[in-house]
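The values are calculated or read from the model by the stated rules, or taken from the named source; none is laboratory data. Please read these numbers as outputs of a predicted model, since none were measured by experiment. Quick reminder, even Gly has a Cβ in these numbers, built from the backbone with ideal geometry, and neighbours come from all protein chains shown. Surface accessibility is based on the protein's heavy atoms, side chains included, excluding ligands, DNA and RNA. Shrake-Rupley method; radii C 1.70, N 1.55, O 1.52, S 1.80 Å.
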Amino acid sequence: QHEEDEERRRLAIAAARRQQEDAERQRRENDARRRREDEEERRREDHDRWRRDEDERHRQDAVYGQQQQQSRPASTLAYGQQQPGSVYAGGGGYAGGGGRPRADSISSHNSRASDPSAGAGFRPPAPFGRPPYSFMQDDVRFVDPSRSSHASATPETYPELRQPPSDTVIKIGTVLALKHLATGRLLRSDRSHSTASGSNQQLVYASRRNPADDDWWQVLPANQDVPVPGSIVSYGTQIRLRHINSGRHLHSHYAFVEGRSGQNEATAYGDQTLSDENDHWVVERWGDGGYSHTWRATDCVVLRHYVSGMALHSHDIMLRDDVQSVTCHGPGSDENDKWKVQQQQQQFRPGNNMAGGSQQGGNMPGGDYSQDEIDNSERNARYKDWGTKAGIAALGVAAIGAAAYGIHEYRENKEEEEAEERRKEQEAEQEKQRHEDEARRKREEEERRRRQDQQGSSHQQGGGGGWNQQPVPSTDSAYGGGGHFTKPQPHYQGGGDGFCPPAAFGRPPYSFQQDDVRNADPSRNSENSPTPHEYPKLHGASDHVVKIGSVIALKHNMTGRFLHTDRSHSTNTGSNQQLVFGFRWNPDENDWWQVLPANRDVPVPGSVVSFGTQIRLRHVETGRHLHSHYNYHEGKSGQNEITAYGDSMRSDENDHWVVERWGDGGYGQTWNSSEVVVLRHYVSGMALHSHDIMISEDVQSVTCFGRGSEENDKWRVQFE
């Protein structure tokens, strides 16, 4: 009886608990439903308010447009506007007009600059009849209602040109992806992400580093422009970028700002039939504008919003995981305004209809073919068509002859094109060989001069020699003399990829090959070294100058990740040392390194570091040094591994790195945090290198590889 009573009591308690849980679940569901309803109500109110503001702006734009039209000379078209003739200006070639696409560049609405200044001083021309750009968000400028898709002569669709890597010229219709150069992420939009600012338009953001379906955009002309498909686009031209998957245009406006940065938001807006002047962007070459030059995929570009004058901009601000903020901000002189084209590679055979192709039934070959191939393919298609009609009229005899003629002509043209392609490849190979011979000659000449310099100054080089500053112990301090911490400078100061760093003293020139094994000098380790084991940590730098003792983070320029190490990651190559890798895009406590002198050097704390100086980088959190060696290779890339090794009492020459300014070395000049740098391993001569190879999630491979002339060898300093 007692057990039965106890069982009933337990069942009653369980039933009461279930009732409480059901009631709590119902309450949470009701709360969630109320929140969704409130959110939906707020969204509707925001949308209504935005619609009222848009109507008011359109009204003001109409008044403004009438005033501008009245003040404009009757003989002048709106800012270089083309007078539409047929479907496309300049002839047919798309709608069965029979003409071929123009080979010259289009440049409508561009107001070319006659003498653009270089660098950040470049100032783009303002739109016709409007004051110069101020690049300020409170300088609100309205769109010209006559430059919308309403009653526009511009066709709604253009053929999609998917070009091979060898064709770097951007044309009307080219399908491309835009890669943000500072962070390595691609410009993206999709229907699943909307803005949170109140505009409720489709969000444009940067995500991932390998292009996916939502990263492709098509280059289209501005509203009211009518260029021929395949026309070459030159810098200074107004274009639109239509998102392939959603059909919306890259867009910006003053009405709403991105929440975290407070900058004008960038969205995807409209469709094939709906577009306005806020979809217009002027493409410029970064630094000088490059107006009138051809837009090539190899150039770094700025996309300038035509109405506001501000540039398409991205940064390290993350809206959420893998959603990097993209805005419209600034005059276009920032590193964060630089973009580079990545082309879509897709093969088409002549005769296939393209997406958005001819409206009158003509077969148009894909964008992987040159203009001559397009014309030849169209001509061959016409031959086959004529042969078919002749065959019907002549009971098949003429059809066979015409078809045979068409096939023969097509093969003959293809053979000529293949021969021309082979000739171009041979010329390119000869040119490459010439450049290699010239570079080798320069290296040999530099080696000869370097040996002469070493022979002339060998009496000044101590036991460690080379670039190592001779220890100068002080009578009243553990440190040597003060001032700049510099090394004897090399004679060579060449620029670009031709820069050849001097080899370690008394050793052959660097070969940058992994099988050229070089051993560390045992006299350059921490044993019996006069170099103090500890230096004061210098946090921050108002003058942006890197000094002995500075605490810095190193950001990989291409991928945006920070150089990172911690005790929880070790190499799996056999060295079992602490792994160094690229991690996240915002620095944490394991991303900080202290700048120290090389073993046997004794500079004063706070000495300014110059390019060409040997340094060590000690990890602040674990006390280990940035290190490389020949013994072990990183598993996925096969390149020399990078580890964190030793401690404050234990260090060798494999911890020594020469800091250089990327491109020309910059030897003798001050290391400033605004400079892009290469960290060269002193023993091997190879550079600190990273890439898109992921060892595991959020663990990006960092290695020691190459001569230091790649984009993947570039690093930037960030102070604590």
Accessible surface of the range 263-317 [probe 1.4 Å, protein heavy atoms]: carbon and sulfur percent: 47
Net charge near Trp592, counting Lys/Arg +1 and Asp/Glu -1 over other residues with Cβ under 14 Å of its Cβ? -1
For the range 278-349, just say rounded, prolate or oblate: build the C-alpha gyration tensor, square-root its eigenvalues into a ≥ b ≥ c, call rounded for a/c under 1.5, and beyond that prolate if a/b exceeds b/c, oblate if not. oblate
Report, by chain and number, residues whose modeled amide H sits under 5 Å from the one on Ala153, excluding near sequence neighbours (fewer than 5 apart, same chain). Gln224
Please give, to one decimal in nm, the separation of the simple spin-label points placed at Glu711 and Asn245, each 7 Å out from Cα toward the Cβ. 2.2
Using 0.36 nm times the number of residues separating Asp31 and Glu156, minus their current alpha carbon distance, what extension gain do you get? 40.4 nm
Got a sec? What order do His629, His435 fall in by accessible area at 1.4 Å, biggest, i.e. largest, first? His435, His629
Could you check the spin-label model distance between Arg434 and Val545? Points 7 Å from the Cα along Cα→Cβ, value in nm. 4.6
Rounded to the nearest 10 Å², the accessible area of Val517 at probe 1.4 Å: 90
Given a 1.4 Å probe and the protein chains all in place, what does the accessible area of Ile695 round to, in Å² to the nearest 10? 60
What does the extension gain come out to for Thr573 and Ala196, with contour length at 0.36 nm per residue minus their alpha carbon separation? 131.1 nm
Return the FRET efficiency for the residue pair Glu421, Glu45: r is the Cβ-Cβ distance, R0 is 51 Å, and the value is rounded to the nearest 0.05. 0.25
Report the gain in length on full extension from Ala212 to Asp698: 0.36 nm times residue separation, minus Cα-Cα distance, nm rounded to one decimal. 173.0 nm
Applying 1/(1 + (r/R0)^6) with R0 = 41 Å to the Cβ-Cβ distance of Asp321 and Ala23, what FRET efficiency is obtained, to the nearest 0.05? 0.70
Per residue accessible area of the range 199-282, 1.4 Å probe, in Å²: 24
Could you compute the FRET efficiency for Ser292 and Arg507, with r as their C-beta to C-beta distance and R0 at 60 Å, rounded to 0.05? 0.75
Note to self: with every protein chain in place and a 1.4 Å probe, the range 625-697 gives an accessible area per residue in Å² of 31
If you scale each eigenvalue of the Cα gyration tensor by 5 and take the root, what three semi-axes come out for the range 235-294, rounded to whole angstrom and sorted largest first? 23, 18, 9
For a label point 7 angstrom out from the Cα of Phe719 toward its Cβ, which stretches of the range 535-556 have the backbone nitrogen within less than 17 Å? 536-555
How big is the charge dipole of the range 503-582 about its Cα centre, in debye rounded to the nearest 20, if each Lys and Arg gets +1 on its Cβ and each Asp and Glu gets -1 on its Cβ? 200
Rounded to a whole %, the carbon-and-sulfur portion of the accessible area of the range 517-593 at a 1.4 Å probe is 47
At a probe radius of 1.4 Å, what is the per-residue accessible area of Arg42, in Å² to the nearest 10? 120
Exceeding the 19 Å Cα-Cα cut-off - candidates Lys171/Lys432; Lys179/Lys714; Lys537/Lys714; Lys340/Lys714; Lys340/Lys424; Lys179/Lys338: Lys171/Lys432; Lys537/Lys714; Lys340/Lys424
Sorted by accessible area with a 1.4 angstrom probe, largest first, how do Glu438, Glu4 fall? Glu4, Glu438
